[in-house]
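Contents: one structure, followed by commentary.
Only the coordinates and a few stated rules stand behind these numbers; no lab work does. Keep in mind that this is a model prediction, so the values were computed, not measured. Cβ sites come from the backbone with ideal geometry, for glycine too, and all protein chains shown count toward neighbours.
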Ligand code: SF4
Ligand code: SF4
C-alpha cells in the first residue's frame with residue numbers, strides 16, 4: 001500500500017524554526033503575557049505555547065519516528081483550519097519572544113507558519129486576503145490613488161526634488177493619518193532640514209504582506225522593497241526618516257532580508273533624529289504643552305528593534321509635558337492590538353486589546369496617550385472610543401513636538 | 001569481567017551488561033537525533049527559501065543565524081553560553097523560584113553525570129591496567145579509593161538534584177495553573193527524573209546501609225544499581241530525541257541561534 005502523504009509541509013519554515021518547536025519547555029511564560037490570548041477571554045488556542053505544541057504535533061505526525069516507520073498520520077483538515085484561525089489572531093507583538101525562556105523567535109515562527117498556510121491554501125484571514133490585490137493595484141492597501149500620497153500638502157510645505165534626507169511617509173500617515181505626515185514635513189521645514197519624499201513613487205513598505213504571510217506571492221514584497229530602495233537611491237538620499245513604526249521595522253529588517261542586500265542608506269526613526277537635534281540644542285521650543293502624557297511603545301519600534309529611549313527623550317524635552325509611565329512599558333509593553341493584520345482581519349480582537357491598553361493609560365491619570373506610530377494611534381483612539389474614555393487624548397509624539405515648536409496643524413486634512 | 005570493581009564481589013555488576021545497555025542507549029540516541037536532524041532539515045536554510053531536505057540544513061541555518069547581526073541583543077557566543085545556557089538568566093528574569101528549581105535540577109544532574117563519567121573512566125583505567133599487568137597507578141586512581149573520594153560530592157549533588165525535583169513535583173501537583181497545563185509530554189520528563197533519582201538513592205542506601213536503603217538486604221544492591229544504571233541510560237540518553245528531554249539539546253541551540261533571544 002502506498003504511504004499516505006504528510007498532511008503538512010515545511011514550506012517557508014527554516015531548519016532552525018523547526019528545531020525551535022522542540023525547544024519549548026512549556027514554561028507558560030508566554031501565556032501569561034500574550035495580549036490577544038487575554039483579550040479573547042483566554043482562549044486556549046491562542047496561547048503561544050499551545051500553537052507551538054500543535055505545530056510540533058503536526059510535524060511529528062508527518063515526519064517523526066512513527067511517520068518514518070509506518071507512514072505519516074493524517075491530520076484532520078479542520079484541525080489545520082482551526083490552527084490557521086488561531087495563528088492569525090496574533091498581532092506579532094513579540095511579547096512571547098521577549099519572555100520566552102528558551103529564546104524562541106516566536107514572531108518569525110508565527111509569520112513563517114502563516115506563509116506556510118497561505119501556500120497550503122488555508123491563509124490568510126478574512127479581509128487580509130485583499131492586501132495583495134490592493135497593493136498590486138494601488139501600491140497601498142487603502143485603495144487610494146497613489147498620487148494622493150503627498151499632493152494634498154499645503155503650499156507652504158517644501159519638499160525637495162532630491163536631498164540627502166528622505167522622509168518615507170508610509171501609507172497610513174500619507175493617506176489616512178495625515179496630521180502626522182504634515183507635522184513631520186513642517187517640523188523638518190522649520191528646522192531648516194532639506195528633505196525629499198518619494199511621492200507617488202512610494203509603494204507600501206510590505207509590512208502588511210510580510211506580517212500576514214503573503215510576502216512571497218509573486219515576490220510582491222521583494223519587488224516592491226527593491227523598487228522603493230531604487231527610488232530612494234535615485235533621490236540621492238543617504239538617510240531615510242520614518243514616522244511609522246511598521247515601515248521602520250520593515251525597512252530595517254525585512255527589506256535587506258527580502259532583497260538579500262544591505263541597504264544603501266541609513267534607516268532612522270524620526271524620534272531618533274529629533275533626540276539627536278535636542279541633544280545638540282538645535283530645537284527651539286515655542287510653546288508649552290501643559291499635560292500629563294504617557295507613552296505607548298509601538299511593538300515594531302520598541303521590542304522588535306529596541307528603540308525605547310528616543311521617543312521618551314523627545315517627550316521629556318517638550319516644555320510643560322509631565323511624562324508618566326504605564327505599568328507595562330518598553331520590552332514588557334502591552335500591544336495596542338492593531339499589528340500583524342489583526343486590525344483588518346479580526347477587528348473585534350484589535351479593539352479588545354486596544355481597550356485594555358487604554359485602561360493601562362487611564363490608570364496613570366494621564367491627559368494624553370502618545371505613541372510613535374500612526375497605526376497605534378488609530379487603534380488606541382478606537383479603543384478609547386470603545387470604552388468611552390473621551391477625556392483621554394491620543395496623539396503622536398511627532399505631532400506634539402511640532403506643536404511645541406509652534407507649528408500650526410489646524411489645516412491638516414483629518 | 002566485572003564492573004564496579006571498587007565494590008566487593010557480591011556487589012559487582014557485570015561489565016558486559018552495562019556496556020551492552022550503554023551501547024544500545026547511545027545507538028538509539030544517535031538514530032533519534034538523526035531522525036530529528038532529518039526532521040529539522042525539512043526546513044530551509046534561509047527565510048522564504050525552499051525546504052532543503054538535507055541533513056546539513058540545520059547546521060547550515062544555525063551557522064548563518066549565529067553569524068548574522070541581531071538588531072536587539074547582538075551578544076557574543078561566549079555571553080550566550082555562560083549567562084544564558086549555563087546560568088539560565090532568562091528563567092531567572094521571569095521567575096526566581098522556577099530558576100532555582102531548574103538550576104538545581106540542571107546543576108545537580110550535570111554534576112552527577114560528570115562524576116559518574118569520571119567513575120566510569122577510573123573503572124576502565126583500572127580494568128585496562130590490570131589486563132596489561134600495570135600496577136603503578138596513583139593511589140587515587142584505584143576504584144575503591146576514587147569511589148570514596150566521590151562519596152561526599154555525590155551526596156551533595158544528589159541533595160541538590162532532589163531539592164529541584166521536589167519543587168518541580170510540588171508545582172505540578174499543587175499549583176493549579178501549572179497542574180492544569182500539564183500534559184503527558186511534561187509528566188514523562190519529571191517521572192523519569194524522579195525514578196532515576198529515587199533508585200539512585202535506594203541503590204546507594206542498600207550499599208552503604210544508610211536509611212534510604214530501607215534496610216533492604218545487601219544482596220539487592222547490585223540489581224538495584226543495575227536498574228538505576230539501566231533506566232538512567234535509557235531515559236538520559238536513549239529517550240532524549242523522542243521526548244521532552246530533547247529540550248536539553250534544543251534550548252541551548254535556540255539560545256545560540258537567537259543570540260540569547262530578544
Ligand atoms: S506575538 Fe504577541 S499576540 Fe502574538 S502570540 Fe506572541 S504575545 Fe501573543
Ligand atoms: S515562553 Fe517559550 S518556552 Fe515557555 S511555553 Fe512559551 S514558547 Fe514555550
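A simple packing score, the average count of other Cβ atoms within 10 Å per residue, orders the peptides A:285-296, B:228-239 as B:228-239, A:285-296, with the highest score first. What ranking do B:245, B:34 get, fewest neighbouring Cβ atoms within 10 angstrom at the top? The most exposed by this proxy come first: B:34, B:245. Could you state the angle between the C-alpha long axis of helix A:48-63 and the longest principal axis of the C-alpha atoms of chain A, as a value from 0 to 90 degrees rounded to the nearest 10? Between the helix axis and the principal axis of chain A, the angle is about 40 degrees. Sorting the Cα pairs of the stretch A:15-123 by distance into bins of 5 Å, from 0 upward, gives 2, 12, 22, 24, 21, 12, 5, 1, 0 percent per bin.
If you take every DSSP beta bridge whose two residues both sit in the protein assembly as shown, what share of them, in percent to the nearest 5, is antiparallel?
Working: 2 of 24 bridges.
The answer is about 10 percent antiparallel.
The distance linking the stretch A:313-331 with the stretch A:279-296 is 10 Å (Cα centroid to Cα centroid, whole angstrom). Rounded if a/c is under 1.5, else prolate if a/b is larger than b/c, else oblate: which is the stretch A:1-74, with a ≥ b ≥ c the root eigenvalues of its Cα gyration tensor? Cα axes put the stretch A:1-74 in the prolate bin. Using a basic spin-label model with each label point 7 Å from the Cα along Cα→Cβ, how many nm lie between residue B:214 and residue A:285? The two pseudo-label positions are separated by 7.4 nm. Sorting B:186-194, A:384-392 by their mean Cβ neighbour count within 10 Å, with the most densely packed peptide first, gives B:186-194, A:384-392. In this calculation the C-beta distance from residue B:129 to residue A:32 is compared with R0 = 41 Å, giving a FRET efficiency of 0.15.
Using a ≥ b ≥ c from the Cα gyration tensor of the stretch B:160-241 (square roots of the eigenvalues), is it rounded, prolate or oblate, where a/c under 1.5 gives rounded and otherwise the larger of a/b and b/c decides, a/b for prolate? Here the stretch B:160-241 falls in the oblate category. Peptide A:297-309 shows a mean partner chain C-beta count of 1 within 10 Å per residue C-beta. Protection proxy ranking for B:213-219, A:123-129, using the average of other Cβ atoms within 10 Å per residue and placing the highest first: A:123-129, B:213-219. Taken along the Cα-to-beta-carbon direction at a fixed 7 Å, the label points for residue B:195 and residue B:64 span 4.1 nm.
The mean sequence separation of alpha-carbon pairs under 8 Å and at least six residues apart, normalised by the residue count of the stretch A:127-275, gives a relative contact order of 26 percent. Using the Cβ-Cβ distance between residue A:156 and residue A:327 with R0 set to 51 Å, the FRET efficiency from 1/(1 + (r/R0)^6) comes to roughly 0.75.
Here A:367, B:84, A:22, A:156 are placed in order of increasing Cβ neighbour count within 10 Å, fewest first, which gives A:156, A:367, A:22, B:84.
Can you show me the helix-derived [θ] at 222 nm for chain B, built from DSSP H runs with n ≥ 4 at -39,500 (n - 2.57) apiece and divided by the number of residues, rounded to the nearest 500. The partial results should precede the final answer.
Working: 9 runs with 167 residues, N = 262.
My calculation for chain B gives -21500 deg cm²/dmol from helical runs alone.
The fewest-to-most ranking of B:179, B:89 by surrounding Cβ atoms within 10 Å reads B:179, B:89.
Rounded to the nearest 10 degrees, what's the angle between the helix B:247-257 long axis and the longest principal axis of chain B, both from Cα atoms, 0 to 90? The angle comes out near 40 degrees. Were the residues from residue B:152 through residue B:166 laid out at 0.36 nm apart, the gain over their Cα-Cα distance would be 2.9 nm.
Out of the DSSP beta bridges found with both residues in the stretch A:127-275, what percent are antiparallel (nearest 5)? Walk me through the intermediate numbers first.
Values: 0 of 11 bridges.
So the antiparallel bridges in the stretch A:127-275 amount to around 0 percent.
With everything on Cα atoms, drop me the angle between helix B:96-132 and the longest principal axis of chain B, reported from 0 to 90° to the nearest 10. That helix lies at roughly 50 degrees to the long axis.
What fraction, in whole percent, of alpha-carbon pairs in chain B exceed 36 Å separation?
Here the tail beyond 36 Å accounts for 26 percent of pairs.
Relative contact order of chain A, taken over Cα pairs closer than 8 Å and 6 or more residues apart, is 17 percent. Would any residue of the stretch A:117-133 have its amide N under 19 Å from a label point 7 Å out along Cα→Cβ of residue A:81? List them or say none. Backbone N within reach: A:117-129.
From largest to smallest, the equivalent ellipsoid semi-axes obtained for the protein assembly as shown from the alpha-carbon gyration tensor read 57, 26, 23 Å. Helix-only arithmetic for chain A: the sum of -39500 (n - 2.57) across DSSP H runs with n ≥ 4, divided by the residue total, places the mean residue ellipticity at 222 nm at -13000 deg cm²/dmol.
Normalised by the residues of the stretch A:239-289, what does the relative contact order come to in percent, with Cα pairs under 8 Å and at least six apart?
So the answer I get is 44 percent.
Which three semi-axes in whole Å describe the equivalent ellipsoid of the stretch A:127-275, each the square root of 5 times a Cα gyration tensor eigenvalue, listed largest first?
Values for the stretch A:127-275, descending: 24, 17, 13 Å.
Peptide B:180-188 has a mean shielding of 2, counted as Cβ atoms of other protein chains within 10 Å of each residue's Cβ.
If you sort the three axes of the alpha carbon gyration tensor as a ≥ b ≥ c, you get a/c of 1.5 or more for the stretch A:43-82 and a/b no higher than b/c, which makes it oblate.
In peptide B:247-256, what is the residue-averaged number of other protein chain Cβ atoms found within 10 Å of each Cβ? Don't jump to the answer; show the numbers that get you there.
Values: counts 6, 2, 3, 9, 9, 3, 7, 14, 5, 2.
Mean shielding count: 6.
Simple spin-label estimate for residue A:238 and residue A:130 gives 4.4 nm between the two label positions (7 Å along the Cα-to-Cβ direction from each Cα).
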